[in-house]
1. Could you list, in sequence order, the residues of segment 148-177 that are charged (D, E, K, R) and farther than 18 Å from residue 89 by Cβ?
2. Within segment 77-92, identify whether any single residue is of a type in the set (Lys, Arg) and in contact (Cβ under 8 Å) with a residue 12 or more places away in the chain, and answer yes or no.
3. Give the residue that is surrounded by the most Cβ atoms within 10 Å (Cβ to Cβ), with candidates limited to residues of segment 173-193 that are of a type in the set (A, V, I, L, M, F, W, C) and farther than 21 Å from residue 126 by Cβ.
4. Identify, please: which residue in segment 155-196 is polar (S, T, N, Q) and either touching a helix residue (DSSP H, G or I) at 6+ places or on another chain (Cβ under 6 Å) or under 15 Å from residue 141 (Cα atoms) (or both) and is, among those, modelled with the highest pLDDT?
5. Sort through 41, 30, 15 and tell me the only one that's part of a loop (DSSP other than H, G, I, E, B) and buried (at least 17 other Cβ atoms within 10 Å of the Cβ).
6. Quick one: residue 22 ticks every box in (1) assigned to a helix (DSSP H, G or I); (2) modelled with pLDDT under 90 bar one, so which box is it?
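The values are calculated or read from the model by the stated rules, or taken from the named source; none is laboratory data. Worth saying up front: this structure is predicted, and the values here are computed from it rather than measured. Don't worry about glycine lacking a Cβ; one is built from the backbone with ideal geometry, like all the others, and counts go over all protein chains shown.
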Amino acid sequence: MTTSGRRILVVSPYVPAPWFGFGTRVYELVRQLATRHDVTVLCPAAPEEEADLERLRALGVKVHAVRAAEPGRAARRLDQMVSLLSPLPFHVREHRTAAMQDAIASTMAAEPFDLVQLEGSQLCGFSFPGPACIVLDEHNIEYEVLQRMARGERTRLRRFFSAIEQRKFRRLEQLWWRKLDGIAVTSDRELPVVRRPKRRRWSCPIPSTRSISPQAMLSPSPVRSCSWGP
């Protein structure tokens, strides 16, 4: 980290690891950010993911892993049914655990972060105490994904569930866009979509790629006016 670097907390719903699409994108962002900034990663992790956590630590990144186990198929289906009675979408509920919230609160209390980077809008349901700038790395516009699922699922029940999820997620996702300090998207097409709900600060594209150049990282300008892009 340089003397002009920032303290950045990256919160991810999965361990950033370069062997699957989402994990590769986050891993590359973390790898490049760590060359210029003091980076901490907070994510849930199963015991068998320890090697992936060590790969992150080898980058000089601090890692806070919240121990988590993948729910069984029956438990997941039950939670999906229960979520139909909740105002929160299942895709938010499945990540919003007390253990993750406690880890976020304790990590942010222990260190004065300049910026908190959320890897996916599913994480916006957490509380982030303190004055840090909150930035969303929007890998997908999630309600658009759910909308496509509602049209393309094979069974009527799955289409019904995805349609309900899409309506709930769209309302929350657009609400979160208005509250965040900044949003990064993966293409120019998504810029007018995220700006439509009267974005007050900044939004810009970061291509979805396996290798992110250092020029695509945070600039050393003051945190409230930080920028993405070349």
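1. Applying the first criterion (charged (D, E, K, R)) to segment 148-177 yields 148, 151, 153-154, 156, 158-159, 165, 167-168, 170-171, 173.
Hits for segment 148-177 are 154, 156.
2. Of all residues in segment 77-92, those of a type in the set (Lys, Arg) come to 77.
Among the residues that remain, those that are also in contact (Cβ under 8 Å) with a residue 12 or more places away in the chain are: none.
No: zero hits.
3. Taking segment 173-193 first, the residues of a type in the set (A, V, I, L, M, F, W, C) are 175-177, 180, 183-185, 191, 193.
After this cut, where a residue has to be farther than 21 Å from residue 126 by Cβ as well, the list is 191, 193.
Values: 191: 15, 193: 17.
Applying the filter and picking the extreme gives 193.
4. To start, the set of residues in segment 155-196 that are polar (S, T, N, Q) comprises 155, 162, 166, 174, 186-187.
Restricting the remaining residues to those that are either touching a helix residue (DSSP H, G or I) at 6+ places or on another chain (Cβ under 6 Å) or under 15 Å from residue 141 (Cα atoms) (or both) gives 162, 166, 174, 186-187.
Working: 162: 82, 166: 84, 174: 89, 186: 85, 187: 85.
Per the stated criteria, the residue is 174.
5. Values: 41 fails: part of a loop (DSSP other than H, G, I, E, B); 30 fails: part of a loop (DSSP other than H, G, I, E, B).
Matching residue, one of 41, 30, 15: 15.
6. (2)
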